[in-house]
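First the structure, in the form of structure tokens, and then the observations on it.
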Amino acid sequence: MKEKLLVIVGPTAVGKTALSIDLAKQLNGEIISGDSMQVYRRMDIGTAKITPDEMESIPHYLIDILDPDQPYSVAEFQREAKSLIATINAREKLPMIVGGTGLYIQSVIYEYQFSEAPKDEALRLKWEEFAHVHGKEALHLRLQEVDPITAERLHTNDVKRVIRALEIYQLTGKPMAEFQKRSPESPYQLCLLGLTMERSLLYERINHRVDVMMSQGLVQEVESLLNNGYPGSLTSMQGIGYKEVVQYLEGKIPLEEAVELIKKNSRNFAKRQLTWFRSMKDIHWLDMTNAGDRLSLVENIRTFVAGKMC
């Protein structure tokens, strides 16, 4: 018998966290975070990290496991998530991956095989220098020219992975995807739920979330990170909400512009997330636009999940 696994994906601010708690209570579930930013300690407000009170005693994993200057990869996430899935199933609980980082989640549910692509430190340094001189947009354009599929997946600000993709292509002549093979079928007894919402309402929720983050002290959180020796150049500090506030704190843009940039970048990120998730097979979509009757919604989903898991 395959191990059971419930996965809930969707764009930022669509309501994944609240729904996952309701379902975990109904399904005897434990939650594995599928968010590449929530692994970092001290980065709470800008990542919309679930609080202990919001967890309502439901166990959560892969949250607050690294300092902001520690590296983390999809291969590490895959290894840790697979181990947790086995452990949770062994306790006769239901493992639930909940999050919005598509590559991380797909690497687990379709068992990506990460073959070791070659490395060249000198070549990597060359591209780092190129990005420093010409800018990250020019770097991303170079990747678009040789590996458009990977370029579409990687954001311009993800300089580290853009450089890695260029490095792989130059050394092998092959796109990064060639080194990320996946199984045609999931190794799990999988129930994959995708949350969606009418676009204007989703954008309204995103804008409101950013306003709440500012009132909760996002500027102070970023300032504290900088003061504790975590520079804005770190991969973790390039996350949406952090990089814009760093620009404000460095005197490059006014606060009002930083806030509008966070909202705009968050909306664009949500669009990219939806594009990614729509390409996933086996996904069952739930429209959260008019999800007013919470009890009925949760009961209907519980019944659906139970049918998939029997």
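The values are calculated or read from the model by the stated rules, or taken from the named source; none is laboratory data. It should be emphasised that the depicted structure is a prediction, and the values quoted were computed from it without experimental measurement. Note that each Cβ is placed from the backbone with ideal geometry, even for glycine, and that neighbours are counted across all protein chains shown.
Considering only residues that are without any contact (Cβ under 8 Å) to a residue 60 or more places away in the chain and hydrophobic (A, V, I, L, M, F, W, C), look in the range 67-100 and name the one that is surrounded by the fewest Cβ atoms within 10 Å (Cβ to Cβ).
ALA90
Count, please, the residues in the range 5-32 that happen to be touching a helix residue (DSSP H, G or I) at 6+ places or on another chain (Cβ under 9 Å) and either hydroxyl-bearing (Ser, Thr, Tyr) or assigned to a loop (DSSP other than H, G, I, E, B) (or both).
Final tally of qualifying residues: 7.
Tell me, yes or no, whether the range 216-223 has at least one residue that is farther than 23 Å from ILE63 by Cα, surrounded by 14 or more Cβ atoms within 10 Å (Cβ to Cβ), touching a Leu at 6+ places or on another chain (Cβ under 9 Å) and not aromatic (Phe, Trp, Tyr).
no
Within the range 117-144, restricting attention to residues that are in contact (Cβ under 8 Å) with a residue 12 or more places away in the chain and of a type in the set (Asp, Glu), which residue is farthest from LEU190 (Cα to Cα)?
GLU128
Give GLU185, GLU178, GLU244, GLU204 a once-over and let me know the one that is at pLDDT 95 or above and surrounded by fewer than 21 Cβ atoms within 10 Å (Cβ to Cβ).
It is GLU204.
For every residue, the table says whether it meets (1) crowded, with 20+ Cβ neighbours inside 10 Å; (2) farther than 18 Å from CYS191 by Cα.
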| site | (1), (2) |
| --- | --- |
| GLN238 | no, yes |
| VAL259 | yes, yes |
| ASN265 | no, yes |
| PHE277 | yes, no |
| THR289 | no, yes |
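Yes or no, residue by residue, for (1) hydroxyl-bearing (Ser, Thr, Tyr); (2) at positive phi; (3) not assigned by TED's automatic domain parsing to the domain that holds SER200:
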position	(1), (2), (3)
GLY10	no, yes, no
LYS16	no, no, no
SER20	yes, no, no
PRO59	no, no, no
ALA75	no, no, no
VAL98	no, no, no
THR101	yes, no, no
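Is it the case that some residue within the range 82-96 is modelled with pLDDT of 95 or more, part of a helix (DSSP H, G or I) and among the hydroxyl-bearing types (Ser, Thr, Tyr)?
yes
Considering each residue of the range 71-109, count those that are basic (Lys, Arg) and over 18 Å from GLN180 (Cβ atoms), and give that number.
Of the residues in the range 71-109, 2 are basic (Lys, Arg) and over 18 Å from GLN180 (Cβ atoms).
In the set TRP276, TRP285, which member is in contact with a strand residue (DSSP E or B) (Cβ under 7 Å, 6 or more places away or on another chain) and assigned by TED's automatic domain parsing to the domain that holds GLN106? Spell out the reasoning first.
Numbers: TRP276 fails: in contact with a strand residue (DSSP E or B) (Cβ under 7 Å, 6 or more places away or on another chain).
Unique residue meeting the criteria: TRP285.
When you go through VAL210, VAL219, VAL259 one by one, which is the residue that is without any contact (Cβ under 8 Å) to a residue 60 or more places away in the chain and in contact with a Ser or Thr (Cβ under 8 Å, 6 or more places away or on another chain)?
Exactly one residue qualifies, and that residue is VAL210.
Identify, from the list VAL212, VAL162, VAL222, the residue that is in a helix (DSSP H, G or I) and under 20 Å from GLU250 (Cβ atoms).
Details: VAL212 fails: under 20 Å from GLU250 (Cβ atoms); VAL162 fails: under 20 Å from GLU250 (Cβ atoms).
That would be VAL222, the only listed residue that is in a helix (DSSP H, G or I) and under 20 Å from GLU250 (Cβ atoms).
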